[in-house]
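Inspection log for the structure reproduced underneath, given as structure tokens.
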Amino acid sequence: MICLLAGVLALVACGRDIASDELQGVTVDPPKSKPSFVLTDTSGNRYDFGEETEGKLTLLYFGYLNCPDVCPVHLAQIAETFDQLPTIARDAEVVFVSVDPERDSLGDIREFLDNFDTRFVGLTGTLEELEAAQTAAGVPLAVFVGKGDDYTVDHSGMVIAYAPDGMNHSVYPFGVRQSEWNNDLQILADIGR
């Protein structure tokens, strides 16, 4: 009987939506300012991260197209959240930075992101520019593992969230639940408006 009760309680707890006025992601305290860096977007234009995202809820993620799990899961969850919260999505910017410029062409990045949401911004640059962007954002530098064309990239697995006030209030590691995204994007969208 106790096992049955514990199982029912676990199912109820796992299925509930988070409706909280507190951020569910990893809180950044004190919040950090949005970095400034310039990379190339999928149209071949220079993209000044600070200027282009000013006053917007912005989600920044460093990854690569051959990532087998973390990158597609994060992007799919964000896209699903945007489908559920269209008014927030309208004023938000998702910026995916490919840290693998050797394999990830601008066209391939655009095609990859369009599988999730055509509004997502894709960026890349030279290895030096990408290192500068990662350093500015405060994430560990990507590390290439393996030789030849069959290599992987160890990269930061967290999404960095900047509220419209230009501050990073929370980060989201791999494994964040959909309900946490829904909760937090609503809170973050109102900070600084």
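Only the coordinates and a few stated rules stand behind these numbers; no lab work does. This structure is a prediction, so every number in the text was calculated from the model and none was measured. Neighbour counts run over all protein chains shown; Cβ positions are idealised from the backbone, glycine included.
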**Percent of alpha-carbon pairs separated by more than 23 Å within segment 72-179** = 31 percent
**Asked** To the nearest Å, what is the center-to-center distance of segment 34-96 and segment 128-193, using C-alpha atoms only?
**Response** 9 Å
**Request:** Over segment 118-175, consider all pairs of different Cα atoms and compute the Kirkwood hydrodynamic radius from their mean reciprocal separation; express it in Å, one decimal.
**Result:** 13.5 Å
**Message:** Can you give me the distance in nm between label points at V26 and L85, each placed 7 Å from the Cα along the Cα-to-Cβ direction?
**Reply:** 2.0 nm
**Asked** Regarding segment 15-142, what are the three Cα extents along the principal axes, ordered largest first, in Å?
**Response** 43, 33, 26
**Request:** Choose one of L123, A92, L106: the residue whose Cα lies farthest towards the positive end of the charge dipole of segment 89-136 (beta-carbon charges +1 Lys, Arg; -1 Asp, Glu; about the Cα centre).
**Result:** A92
**Fill in**
For the chain, longest principal axis from Cα atoms; helix 2-15 axis from its Cα atoms; angle between them, nearest 10 degrees, is 50 degrees
**Prompt:** What ranking, highest mean first, results for peptides 80-87, 137-144, 185-192 when packing means the other Cβ atoms within 10 Å averaged over each residue?
**Reply:** 185-192, 137-144, 80-87
**Fill in**
Expressed in nanometres to one decimal, the distance between label points 7 Å along Cα→Cβ at F174 and R119 is 2.7 nm
**Request:** Calculate the translational D of segment 30-85 in whole µm² s⁻¹ from Stokes-Einstein, where the hydrodynamic radius comes from the Kirkwood formula applied to all Cα pairs, the temperature is 37 °C and the viscosity 0.692 mPa s.
**Result:** 244 µm²/s
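Excluding D108 itself, calculate the net charge of residues whose Cβ lies under 12 Å from the Cβ of D108, where each Lys or Arg counts +1 and each Asp or Glu counts -1.
-3
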